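Asks: Structure in structure tokens, see below.
The values are calculated or read from the model by the stated rules, or taken from the named source; none is laboratory data. The shown structure was predicted, so the numbers you read here are calculated from the model rather than taken from an experiment. Glycine gets a Cβ as well: all are built from the backbone with ideal geometry, and neighbour counts include every protein chain shown. SASA here: full protein model, heavy atoms, side chains in, ligands and nucleic acids out. Shrake-Rupley method; radii C 1.70, N 1.55, O 1.52, S 1.80 Å.
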Amino acid sequence: MGPGPAGTGPGPAGTGPGAPGAVPGPGPASDAPGAIPGPASPRRPANPPRPGEPRTFAERYPTHIPLPPTAPRPAPVRGEFRPLTIRTARDAVAAAAGYLRWLGFRDVVQPEERPASGVDLRAPGLVAQVDPSTRPTGLRAVECLWLNGLSAASVSVFFSLAGYTPEARSRAAEVGLPLFVLDLTGTPQPVNSAADDLASGAV
């Protein structure tokens, strides 16, 4: 049987596709001159995430979403507070000073004489007043201490032996001033939420 029509038989050696020296043919139809390009195919990530794999940090926290707030600070490690028995007004001030040092305030100073401002204790970033009277502390005393702390850009803390009037407690809650009550053993007890936060180390 003779050879088939021209072009239907195998070509000469070295001229087939993939052979060394072969000239590549035209590309896909979309590459040909005059071809109308089709819709672009969506790009796929080089390494798409597999089901069940943990997401990366960038996926969990995109740049347009703020990072979550940091965890609350742990409460400072303190030893046991040693109260001072209160017999005099000076003892009350000394008990309050010891408690403030236990809370972490440094260089708490007790002046020799009570100043006209009513502030009994000072420290960097702190002003404190102690009311050793047998009557509940009133609104005016709380407001005066708060203004002293405001002018000094300091935390204001009030200690009282007989507690506080409702008006004083209400104003202290409005301005966030910590109120403590001292018992005769010299142990301060928080009266409002601001005092709770200060005692727990949240301030």
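Asks: If I filter the stretch 124-138 for residues that are modelled with pLDDT of 90 or more, out of contact with any helix residue (DSSP H, G or I) (no Cβ under 9 Å at 6 or more places or on another chain) and more than 20 Å from VAL191 (Cα to Cα), do I get at least one hit?
Replies: Yes, the stretch 124-138 contains at least one residue that is modelled with pLDDT of 90 or more, out of contact with any helix residue (DSSP H, G or I) (no Cβ under 9 Å at 6 or more places or on another chain) and more than 20 Å from VAL191 (Cα to Cα).
Asks: Continuing with this model, one more query. Taking ASN148 as meeting all but one of (1) of a type outside the set (Gly, Ala, Ser); (2) farther than 13 Å from LEU100 by Cβ; (3) at pLDDT 95 or above; (4) open to solvent by less than 50 Å² (accessible area, probe 1.4 Å), write down the number of the exception.
Replies: (3)
Asks: May I pose another question? List the residue pairs whose Cβ atoms are under 6 Å apart, where the first residue sits in the stretch 135-162 and is within 14 Å of PHE180 (Cα to Cα) and touching a residue at least 60 places away in the same chain (Cβ under 8 Å), the second is part of a loop (DSSP other than H, G, I, E, B) and open to solvent by 30 Å² or more (accessible area, probe 1.4 Å), and the two are 6 or more positions apart or on different chains.
Replies: As it stands, the answer is LEU161/PRO132, since those pairs meet every condition given.
Asks: Within the stretch 165-180, is even one residue at positive phi and in contact with a Gly (Cβ under 8 Å, 6 or more places away or on another chain)?
Replies: No, the conditions are met nowhere in the stretch 165-180.
Asks: Suppose we filter the stretch 164-192 for residues that are within 19 Å of ALA97 (Cα to Cα) and surrounded by 15 or more Cβ atoms within 10 Å (Cβ to Cβ); how many remain?
Replies: Of the residues in that region, 11 qualify.
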